[in-house]
Amino acid sequence: ILKMKKNSNTIIELTKNFTNSEIVRNFSGSINRKINFFNTISKSGNLAVTAKELIFAPGNSILNDSIYMSALSIQIEAENELQKKINQNFTVSKQALLISRALTILAISAILLLATIIILDLVKNNKLINAIELSKQQADNAANIKEQFLANMSHDLRTPVNSIIGFTNLLQKTSLEK
């Protein structure tokens with residue numbers, strides 16, 4: 001009987017979360033009536049009666065049926081609550097999946113955009129580097145041409161100037177009277 005009371009209290013605690021409290025109250029009432037019935041039998045001193053005989057006694061069928069129906073109602077309500085939670089979780093998971101996919105697409109788009117910007121910047125830098133190298137080659141070629149021109153001009157100018165200087169020196173050494 002004490003074990004039944006403890007189990008009854010445990011069931012009542014577990015069923016507090018159900019929305020249909022009338023079913024829970026009916027179930028608790030049925031269990032309490034059953035406990036009271038057992039208390040009455042145990043107080044009568046007829047300990048020879050077994051628990052099975054007490055439960056299945058002809059006068060107890062209504063009480064047994066009411067407990068069974070209450071338990072069945074609680075089970076159905078629990079299944080309905082569970083189905084609602086499953087449906088809510090399914091809806092939330094679908095929304096989470098859609099958000100996840102949208103964020104994935106957004107991230108991929110951002111990566112592609114940034115990659116395109118980086119590639120275009122690298123191509124622009126490569127063109128500038130090639131233009132700088134070409135300008136350097138052109139400047140080196142121009143410097144080489146200038147050096148060669150000055151070397152040639154220096155040689156071309158020195159040769160006649162040397163001959164003029166040489167003739168001038170000869171003229172200075174000789175008298176002009178002759």
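The values are calculated or read from the model by the stated rules, or taken from the named source; none is laboratory data. Because the structure is a prediction, the values reported are computed rather than measured. Glycine gets a Cβ as well: all are built from the backbone with ideal geometry, and neighbour counts include every protein chain shown. Protein only, heavy atoms only, side chains kept; ligands, DNA and RNA dropped before computing areas. Shrake-Rupley method; radii C 1.70, N 1.55, O 1.52, S 1.80 Å.
List the GluC sites (Glu not before Pro) within region 95-178 that DSSP assigns to loop and that have no more than 14 neighbouring Cβ atoms inside 10 Å.
Values: sites: Glu133, Glu147, Glu177; in loops: Glu177.
Those that pass, being in a loop and sparsely packed, are Glu177.
Name the residue farthest towards the positive end of the dipole of region 82-175 from the options Ile117, Asn89, Leu106, assuming +1 on Cβ of Lys and Arg, -1 on Cβ of Asp and Glu, about the Cα centre.
Result: Asn89, furthest along the dipole toward the positive end.
Taking only Cα atoms of region 90-178, what ratio of Rg to Rh do you get with Rh as the Kirkwood inverse-distance radius? If you can, show how the numbers build up before the last one.
Details: Rg = 37.9 Å, Rh = 20.8 Å.
Here Rg/Rh amounts to 1.82.
Each residue of region 147-153 in turn: what ³J(HN,Hα) in whole Hz from Karplus with 6.51, -1.76, 1.60 and θ = phi - 60°, glycine and Pro shown as x?
Listing the rounded values in order: 4, 5, 4, 5, 5, 5, 5 Hz.
Which value, in Å to one decimal place, does the Kirkwood hydrodynamic radius take for region 136-178 when every pair of different Cα atoms is included? Don't jump to the answer; show the numbers that get you there.
Numbers: mean 1/r = 0.0776 Å⁻¹.
One over the average 1/r among Cα pairs gives 12.9 Å for region 136-178.
In whole Hz, what ³J(HN,Hα) sequence does region 124-132 give by Karplus (6.51, -1.76, 1.60; θ = phi - 60°), x for Gly and Pro?
Ordered by residue, 3J(HN,Hα) equals 4, 4, 5, 5, 5, 4, 5, 5, 5 Hz.
Need the full-extension length gain, Leu98 to Leu128, defined as separation in residues times 0.36 nm minus the C-alpha distance. One decimal, nm. All intermediate terms of the calculation are to be shown ahead of the outcome.
Values: separation 30, 0.36 × 30 = 10.80 nm, distance 4.48 nm.
Length difference between fully extended and current span is 6.3 nm.
Give me the 1.4 Å probe accessible area per residue for region 101-151, excluding ligands and nucleic acids, in Å². Walk me through the numbers on the way to the answer.
Working: 4670 Å² over 51 residues.
Ligands and nucleic acids excluded, the figure is 92 Å² per residue.
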